[in-house]
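Below: one structure, written as structure tokens.
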Amino acid sequence: MDVCPVELEVEVPVTAPYDAPGIFRFLAARAITGVEAADLTRPEDLRYARTLTLPSGPAAVLVSATWTRNRSWILRARLHLASAADQGPALAVLRTLFDADGEPVEADGLLAADPALAPLVRRTPGIRIPRTVDPHELVVRALVGQQISVAAARTHLGRLAGALGAPYAPPRLPPMHQSGERQDEDSLLASLHRHFPTAAQIASGMPEPIPGERPDPERPLRLPGQAVRAVVGTCRALADGELAVHAEAEPEALRRALLARPRIGPWTAAYVAMRVLRDPDAWLDEDVALVAGARAAGLLTPDLTGAAAHKALALRAADWSPVRSSAALHLWQLAGRRATMGRDARPRRSAP
């Protein structure tokens, strides 16, 4: 097959209603420098870009969401591909990442039956479950970020990608337009220069800490020794097929396989199921941001703290089955809005 760099622009159809601001904010907050970039400065024109590895070679994509006069969102993708043959795979990846084919109406109806959640559903109809471009990448993100803040996880993952990820050099293509909007998109794409490292690259390139020895201050992943060993061991299992994580995995079998590994608990297993399998009913126990959102929604009384608050919220969440993943996203969004307004402490252990 001949490989010829191409640039294409295509629409990404989505089912309505579609919560574009929510999914773009989610991805932007977790964007890894060099691998991803986002521009949310204009509320009615949102952009997210990232590198991909497709069957014909390296690629970069930019997805924009535009609010129309019909009060709906249109998603458009700009694709920089190694070959036109990669258009189909690129669109499939993007439809997965942005949950373009989700059916939110049923989830909205079920959650709106709860008086505490009804205002959140009215404010944000069509909430979506952010997926992933690569299941192995998502496992690494979850492992690195499970005990730290989102901002700290970004820093660690950016260092990891810079040290072990393959460089990305965009193809030189003639400009399709000369508008200011086009120039903004070009700048976003020009900021991409790395691919996220594969499981095999991490397994072979990450030095495991030696007990009793002082860790190298320039090591790619500056986490506690046990955490680093868990990342390396899990990547080794992913690379050699011992641990199979993919979108068609049987949910309970995947959960058992994840829980059998060191430093992977129920929270991490549920998070992987949510974003890799699109489990509509995942619930993330001990997630501080969920508790913060629940407090803001009036779901928890002020006297409930710590483990008691998590237990009470989990019991209440049972009423939201089988769409607890959507409920979690509503609570995360509410917690994020309150944090942005300065009324909430920075959450930890929240959806890396």
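Give the carbon-plus-sulfur fraction of the accessible surface of the chain in %, rounded to a whole number; probe 1.4 Å, heavy atoms of protein chains only.
Carbon and sulfur: 55 percent of the exposed surface of the chain.
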May I ask you to derive the relative contact order of the chain, considering only C-alpha pairs under 8 Å and at least 6 residues apart, and to give it as an integer percent?
-> 19
Most mobile of Thr96, Thr68, Thr124 per a Gaussian network model of the chain (Cα springs, under 10 Å)?
-> Thr68
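Find out how many positive minus negative residues lie around Pro197, taking Lys and Arg as positive, Asp and Glu as negative, among other residues whose Cβ is under 12 Å from that of Pro197.
Details: positive: Arg141, Arg159, Arg194; negative: Asp134, Glu137.
Around Pro197, the charge tally is +1.
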With no solvent and one point on each alpha carbon, what is the Debye value of log10 I(q)/I(0) for segment 146-291 at q = 0.09, 0.13, 0.15 Å⁻¹?
-> -0.40, -0.77, -0.94
Top mean-square fluctuation among Ala28, Ala273, Ala85, Gaussian network model of the chain, C-alpha springs under 10 Å?
-> Ala85
With θ set to phi - 60° and the Karplus curve 6.51 cos²θ - 1.76 cosθ + 1.60, what are the ³J(HN,Hα) couplings of segment 129-136 in order, to the nearest whole Hz, using x for Gly and Pro?
-> 8, x, 9, 8, 7, 7, x, 5
Within segment 241-347, DSSP-loop trypsin sites (Lys or Arg not before Pro) with at most 11 other C-beta atoms within 10 Å are Arg343
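Over segment 244-349, what portion of Cα pair distances is larger than 21 Å, expressed as a whole percent? Could you put the intermediate results ahead of the total?
On the way: 2079 of 5565 pairs.
Considering segment 244-349, 37 percent of its Cα-Cα pairs are separated by more than 21 Å.
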Kirkwood hydrodynamic radius (Cα pairs, Å) of the chain?
-> 21.2
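Against the empirical 2.2 N^0.38 Å scaling, what ratio does the C-alpha Rg of segment 1-131 come to? Please list the in-between numbers first.
Working: Rg = 16.1 Å, N = 131, 2.2 N^0.38 = 14.0 Å.
Segment 1-131 yields a ratio of 1.15.
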Whole-Hz Karplus ³J(HN,Hα) for segment 223-240, in order, using 6.51 cos²θ - 1.76 cosθ + 1.60 and θ = phi - 60°, x for Gly and Pro?
-> 10, x, x, 5, 5, 5, 5, 5, 5, 5, x, 5, 5, 4, 5, 5, 5, 8
Segment 85-155: relative contact order from alpha carbon pairs under 8 Å, six or more residues apart, as a whole percent, is 31
Dipole moment magnitude, nearest 20 debye, the chain about Cα centre, only Lys, Arg, Asp, Glu C-beta charged | 1100
Expected sort for 203-211, 131-139 on mean C-beta neighbours within 10 Å, highest first, is 131-139, 203-211
Any idea of the accessible area per residue across segment 143-296, 1.4 Å probe, to the nearest Å²?
-> 48
Karplus-derived 3J(HN,Hα), 6.51/-1.76/1.60, for each residue of segment 73-80, Hz, glycine and proline x = 9, 10, 9, 10, 10, 10, 10, 9
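With a 1.4 Å probe and every protein chain left in place, work out the accessible area per residue of segment 1-83 in Å², rounded to a whole number.
Values: 3560 Å² over 83 residues.
With all protein chains present, segment 1-83 gives 43 Å² per residue.
The values are calculated or read from the model by the stated rules, or taken from the named source; none is laboratory data. Please read these numbers as outputs of a predicted model, since none were measured by experiment. Ideal geometry is used to build each Cβ from the backbone, glycine not excepted, and the neighbour counts take in all protein chains shown. Side chains included, ligands, DNA and RNA excluded: accessible areas come from the protein's heavy atoms. Shrake-Rupley method; radii C 1.70, N 1.55, O 1.52, S 1.80 Å.
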